[in-house]
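The values are calculated or read from the model by the stated rules, or taken from the named source; none is laboratory data. Model, not experiment: these values are computed from the prediction. Cβ atoms come from the backbone with ideal geometry, glycine included; neighbour counts cover every protein chain shown.
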Amino acid sequence: MQLRTVNRTVVYVPNGTLATMEVENLSRRDKFLFQHVVGLRYETTLEQVERVQAETRVMLVADARVEKDSHRVRLVRFGSYSLDIEVFAYLKAADYPEFLGVQEELLVRIMGIVRSAGTGLAFPSQTMYVRADPQARAAVSSEAPE
């Protein structure tokens, strides 16, 4: 038997093997997993984190395309560059293109929630703290011409 994958490649499977296999049919899915980590800047206050979480939960509960009781919004780690909030839910969609549209809409809405909370999405960055060395400063000032 010939099967065409989602990536459009053809796979040949012997009929005897196919009879004993568990085959996943992506076109018959009734829901899709929405799982993203939203990284907030480390300057984000506790109140802002809680607001982002609360407003994201309200958004998910209010959307009929989100499977009830499947969603969660949790602070999951202190990442290298961000405070990481995981947003997890199952989305009801007839097919993958529909899921992508719903996913995009939810991600844009989460971006708006983050902005309205007064914070922003993190990106890899480093903070360098520079401290003046009193001995070095004294040496420089004593060598300065008068």
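Some points to look at:
- Exactly one residue among Q48, Q35 is in contact (Cβ under 8 Å) with a residue 12 or more places away in the chain, in a helix (DSSP H, G or I) and within 29 Å of P124 (Cβ to Cβ), and that residue is Q48.
- Exclusive hit being among the small types (G, A, S), modelled with pLDDT of 95 or more and over 25 Å from K31 (Cα atoms), set S125, S82: S82
- Close Cβ contacts (under 7 Å, 6 or more residues apart or on different chains) running from residues in region 73-86 that are within 17 Å of L107 (Cα to Cα) and free of Cβ contacts under 8 Å to residues at least 24 places away in the same chain to residues that are outside any strand (DSSP E or B) and not basic (K, R) comprise V73/Q53; V73/T56.
- T119 assigned to a loop (DSSP other than H, G, I, E, B) and modelled with pLDDT of 95 or more: yes
- Between V52, V11, the distinction of being out of contact with any Pro (no Cβ under 8 Å at 6 or more places or on another chain), at pLDDT 95 or above and of a type in the set (V, I, T) belongs to V52 only.
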